[in-house]
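Asker: Attaching a single structure in structure tokens format; questions to follow.
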Amino acid sequence: MQELLQIVLADVNVSANESLWQSVGLNTDYFQFKANNRTTEYNAFSWLTSATTWTNIPDASVLNATAIRGLNYTDDKDNAEIDIRIKVPADEPAGARHSTLIITGAMSG
């Protein structure tokens with residue numbers, strides 16, 4: 001009897017709890033993300049429907065942005081990367097900064 005292989009796909013969302021900067025809020029080009037292939041596992045997710053260009057990180061209290069759509073769960077195609085871009089605003093005062101990225105995943109429909 002042949003066992004059927006069920007493919008489980010997941011979507012991965014990104015948001016933050018607060019802005020990294022004092023002078024600008026979230027959802028700006030000063031704090032961004034994009035989905036990327038892991039070098040050894042190309043085609044592990046839907047490139048065309050994922051955020052593969054720089055995308056502003058939104059406020060978690062408002063919405064989540066989908067970074068990766070259709071992440072595969074088969075062993076040879078189950079890894080992806082999320083790149084983060086941080087740009088310091090010209091008028092940002094000196095001092096320590098922090099923000100918490102919230103990354104969640106859920107089975108795709």
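Asker: Quick one: would you say residue 73 is hydroxyl-bearing (Ser, Thr, Tyr) and surrounded by 15 or more Cβ atoms within 10 Å (Cβ to Cβ)? Don't jump to the end; show me each part of the working.
Answerer: Working: hydroxyl-bearing (Ser, Thr, Tyr): yes; surrounded by 15 or more Cβ atoms within 10 Å (Cβ to Cβ): no.
So residue 73 does not fit the description; no.
Asker: Ok, one more. Within the stretch 1-21, take every residue that is assigned to a loop (DSSP other than H, G, I, E, B), among the hydrophobic types (A, V, I, L, M, F, W, C) and in contact with a strand residue (DSSP E or B) (Cβ under 9 Å, 6 or more places away or on another chain) and give me the one that is modelled with the lowest pLDDT.
Answerer: So in the stretch 1-21, the residues assigned to a loop (DSSP other than H, G, I, E, B) come out as 1-9, 17-21.
Among the residues that remain, those that are also among the hydrophobic types (A, V, I, L, M, F, W, C) are: 1, 4-5, 7-9, 20-21.
Adding the requirement that they be in contact with a strand residue (DSSP E or B) (Cβ under 9 Å, 6 or more places away or on another chain) leaves 8-9, 20-21.
Values: 8: 72, 9: 87, 20: 95, 21: 97.
Step by step, filter the stretch 1-21, then rank; the result is 8.
Asker: What single numbered condition from (1) within 17 Å of residue 20 (Cβ to Cβ); (2) over 11 Å from the mean Cα position of the chain (by Cα); (3) polar (S, T, N, Q) fails to hold for residue 55?
Answerer: (2) is the only condition that residue 55 fails.
Asker: Check 67, 80 and return the single one that is in contact with a Lys or Arg (Cβ under 7 Å, 6 or more places away or on another chain) and either under 30 Å from residue 24 (Cβ atoms) or exposed (fewer than 13 other Cβ atoms within 10 Å of the Cβ) (or both). Spell out how you get there, then give the answer.
Answerer: Numbers: 67 fails: in contact with a Lys or Arg (Cβ under 7 Å, 6 or more places away or on another chain).
Checking each option against the conditions leaves just 80.
Asker: Can you name every one of the strands (runs of 3 or more DSSP E) wholly within the stretch 54-109 that holds 1 or more residues which are on the phi > 0 side of the Ramachandran plot and at pLDDT below 95?
Answerer: Working: elements: 65-71, 80-86, 101-107.
Ranges flagged: 65-71.
Asker: Output the residues belonging to the stretch 33-53 that are among the aliphatic types (A, V, I, L, M) and either assigned to a strand (DSSP E or B) or crowded, with 17+ Cβ neighbours inside 10 Å (or both). Walk me through it before giving the result.
Answerer: Going residue by residue through the stretch 33-53, those that are among the aliphatic types (A, V, I, L, M) are 35, 44, 48, 51.
Within the stretch 33-53, 35, 44, 51 qualify.
The values are calculated or read from the model by the stated rules, or taken from the named source; none is laboratory data. Fair warning: this is a prediction, and the values are worked out from it, not measured in the lab. No Cβ is skipped: glycine too gets one built from the backbone with ideal geometry, and neighbour counts run over all protein chains shown.
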